[in-house]
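Colleague: Before I ask anything, here is the structure I am working with.
The values are calculated or read from the model by the stated rules, or taken from the named source; none is laboratory data. These numbers come from a predicted model, not from an experiment. Here the Cβ positions follow ideal geometry from the backbone for every residue, glycine too, while neighbour counts run over all protein chains shown.
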Amino acid sequence: MKIEIITPDKKIYQGDIRSIRIPGKKGSFQVLKDHAPIISTLVKGPVIIVDQENKEIRFDIEEGVIEVKQNKIILLAESVIEN
């Protein structure tokens, strides 16, 4: 899957990943390859990415929105803190 994490100021992360766990408004959820299309609002919390080498990358976000469609993910966040 391809992902872009973007804030109003800059592109934070772009690359190929295996999975992502995000803090949805109704609870945390995970997106894996071939996930059904979805648009969801996000709340403050951790975003955990597993990249192609199985390395875990973690960001903390403020509110945002995520769109998943045809193995492409766009995450728009108010702000991001890299850990």
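Per-residue answers, yes or no, for (1) of a type outside the set (K, R); (2) over 12 Å from I73 (Cβ atoms); (3) assigned to a strand (DSSP E or B):
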residue	(1), (2), (3)
D9	yes, yes, no
I12	yes, yes, yes
G15	yes, no, yes
S19	yes, no, yes
S28	yes, yes, yes
V31	yes, no, yes
H35	yes, no, no
T41	yes, yes, yes
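Colleague: For the structure I just gave you, tell me whether V80 is touching a strand residue (DSSP E or B) at 6+ places or on another chain (Cβ under 6 Å), at pLDDT 95 or above and buried (at least 16 other Cβ atoms within 10 Å of the Cβ).
Modeller: Details: touching a strand residue (DSSP E or B) at 6+ places or on another chain (Cβ under 6 Å): yes; at pLDDT 95 or above: no; buried (at least 16 other Cβ atoms within 10 Å of the Cβ): yes.
Answer is no for this residue.
Colleague: Which one of these is modelled with pLDDT under 95 and either surrounded by 13 or more Cβ atoms within 10 Å (Cβ to Cβ) or of a type in the set (V, I, T) (or both): E4, E67, E62?
Modeller: Just a single option satisfies the conditions, and that option is E62.
Table: residues versus (1) surrounded by 15 or more Cβ atoms within 10 Å (Cβ to Cβ); (2) farther than 21 Å from I81 by Cα; (3) of a type in the set (D, E).
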residue: G15; (1), (2), (3): no, no, no
residue: R18; (1), (2), (3): no, yes, no
residue: I22; (1), (2), (3): yes, no, no
residue: K26; (1), (2), (3): no, yes, no
residue: Q30; (1), (2), (3): no, no, no
residue: H35; (1), (2), (3): yes, yes, no
residue: T41; (1), (2), (3): no, no, no
residue: V50; (1), (2), (3): yes, no, no
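Colleague: If you don't mind, another one. Do any strands (runs of 3 or more DSSP E) lying entirely in the range 44-83 carry at least 2 residues that are closer than 14 Å to I3 by Cα, and which ones are they?
Modeller: 45-51, 56-61, 64-69, 72-77
Colleague: Mind checking which pairs have a first residue in the range 1-16 that is under 16 Å from R58 (Cα atoms) and a second that is assigned to a loop (DSSP other than H, G, I, E, B) and aliphatic (A, V, I, L, M), Cβ under 9 Å, 6 or more apart or different chains?
Modeller: The qualifying pairs are D16/M1.
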